[in-house]
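The values are calculated or read from the model by the stated rules, or taken from the named source; none is laboratory data. Note that the structure is a prediction, hence the values are computed from the model and not measured. Glycine also receives a Cβ, built like all others from the backbone with ideal geometry; neighbour counts cover every protein chain displayed.
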Amino acid sequence: MRILFLTQWFQPEPFFKGLPFVKALQEKGHKVNVLTGFPNYPGGKVYSGYHVRLYQREALDGIIVHRIMLYPSHNRSAFHRIINYLSFSLSSFLLSPWLVKKPDVIYVYNLVTLGPTAFLLRLIFGSKVILDVQDLWPESVAASRMLVNKGLLNFLNIMCDWIYRRTDHLVVLSPGFKKNLIDRGVAPERIAVIYNWCDEASIRMEDTVSLDFIKPPAFTNKFVVLFAGAMGLVQGLDTLLDCAALCRESFPDIQFALIGGGVEKSRLQKRAKEMGLDNITFLPPRPMSMMGEVFALADALIVHLKDDALFLITIPSKTQAYLYAGKPIIMAMHGDAAELVRNSGAGILCEPENPRAMMEAIKNMYNMQELDRRKMGQYGREFYIRNLSFKEGVKKFEDIFLSCLE
């Protein structure tokens, strides 16, 4: 089977459904080529060794990668983000027929803006189009405030419905996504739920961790609650700061740690300083290959998104990483993500955007026996291996590709 992987992002950008996924399909005997842009995510700056040009061909671990021009950007400017998406959509539409050989299957990662390119190639080559929906548009666009104009959002909604209904098969990351698309007119038999996996090879839990990257206050003899990942608008991390303020007097042994980057990080740091929160430590981003030791120093891992209807059906990618890490989880969300933690027995649930409810959940985990917390983490890891692992996901995708051809 010949597969075209059509995606705006690919390695060396940190995308888990990138090179490892392609290599796994190739190892199963399939021929996979990649059509992507020049690497610039998440900072919006083109990576060292690359320069934006009309076209560049390279080989990554034996995989042919076609790179085409785009406008690099990933900041808070809605205009720049829109131009970023549209530039790659346009260049892929114009250049792809001249660059790619006939594929049997076109796998489109996430962006509906790539629908026209995929449909053009389907018209030319008779290929099947499988769209992997990681963000529901226009809901996620509206929630992120990237686009607020109602007229443009209505136009985007019409365009998305048109693309979703005309794709040969859709893959979604949660049951809630599937229900949403059915309500939008997509036939249920053309939608498959495949939960995301995490970068398993990079998460190695170590007994001894290097704490040299941690700034005072030290984590020694503390109960560490760790948030790892992007600190953006949708994460709503002011709730975590307010929870830390509540915990400061009653639970001085609880230490919060936030590791990662994002558009909200500097503001959160400033607010934490103004609030005098010495029980919060902000840590710089770490490569995924070094996150295992960070998870190892935590006593609990926390997930939080704003209390928005869209997030009832969203599963933040950190959920899978937390489950695989085998640490107990504080899940401050409703919906499908909470169901994963509830079904696995991997943690404690609480309401989002509710600092007091978050404090109660953390207090309950803090008061548990160490053995019970270890069991929670073990349940989560076992659940992940059975249901969410990379191996299981690749097999499910291959089955869908083959079934579309049949």
Point to revise | Hits in the range 7-38 (condition: within 16 Å of the chain's Cα centre (by Cα) and closer than 18 Å to Leu121 by Cβ) | key: Thr7, Gln8, Phe10
Point to revise | Meets criteria (more than 21 Å from Leu305 (Cα to Cα) and at pLDDT 95 or above) for Glu249 | key: no
Study note, to complete from the structure: When (1) farther than 15 Å from Gly115 by Cβ; (2) touching a residue at least 12 places away in the same chain (Cβ under 8 Å) are applied to Leu152, the one that fails is (2)
Review point. Among the candidates Leu246, Leu301, Leu226, Leu297, which residue alone is over 21 Å from the mean Cα position of the chain (by Cα) and closer than 24 Å to Ile385 by Cβ?
Key: Leu297
Review point. Going by the conditions given, is Val193 of a type in the set (Val, Ile, Thr), within 24 Å of Asp308 (Cα to Cα) and at pLDDT 95 or above?
Key: yes
Practice item. Can you give me the ranges of the strands (runs of 3 or more DSSP E) entirely in the range 22-107 with at least 1 residues that are in contact with a helix residue (DSSP H, G or I) (Cβ under 7 Å, 6 or more places away or on another chain) and exposed (fewer than 15 other Cβ atoms within 10 Å of the Cβ)? Key: 55-60
Exercise for review: Could you check how many residues of the range 361-406 are more than 26 Å from Leu240 (Cβ to Cβ) and among the aromatic types (Phe, Trp, Tyr)?
Suggested key: 3
Practice item. Mind listing whichever residues of the range 1-21 are farther than 16 Å from Asn196 by Cα and either part of a loop (DSSP other than H, G, I, E, B) or among the charged types (D, E, K, R) (or both)? Key: Met1, Arg2, Thr7, Gln8, Trp9, Phe10, Gln11, Pro12, Glu13
Exercise for review: Just give me the residues in the range 99-127 being within 19 Å of Lys31 (Cβ to Cβ) and over 25 Å from the mean Cα position of the chain (by Cα), in sequence order.
Suggested key: Leu99, Val100, Lys101, Lys102, Pro103, Asp104, Leu121, Arg122, Ile124, Phe125, Gly126, Ser127
Practice item. Could you tell me which of the residues Lys45, Lys31 is assigned by TED's automatic domain parsing to the domain that holds Ser87 and under 29 Å from Ile400 (Cα atoms)? Key: Lys31
Review point. Taking the range 124-152 only, how many residues are more than 18 Å from Ser89 (Cβ to Cβ) and in a helix (DSSP H, G or I)?
Key: 6
Exercise for review: Could you give me the residue pairs with C-beta distances under 7 Å whose first residue belongs to the range 50-66 and is in contact (Cβ under 8 Å) with a residue 12 or more places away in the chain, whose second residue is acidic (Asp, Glu) wherever it lies, and which are 6+ apart or on separate chains?
Suggested key: Val65/Glu58
Check your understanding: Got at least one residue in the range 201-223 being at pLDDT below 90, within 30 Å of Pro20 (Cα to Cα) and outside any loop (DSSP other than H, G, I, E, B)?
Key -> yes
Practice item. Please state which one of Ser140, Ser174 is at pLDDT below 90, under 18 Å from the mean Cα position of the chain (by Cα) and hydroxyl-bearing (Ser, Thr, Tyr). Key: Ser140
Point to revise | Which numbered condition Glu189 fails, given (1) part of a helix (DSSP H, G or I); (2) touching a residue at least 12 places away in the same chain (Cβ under 8 Å) | key: (2)
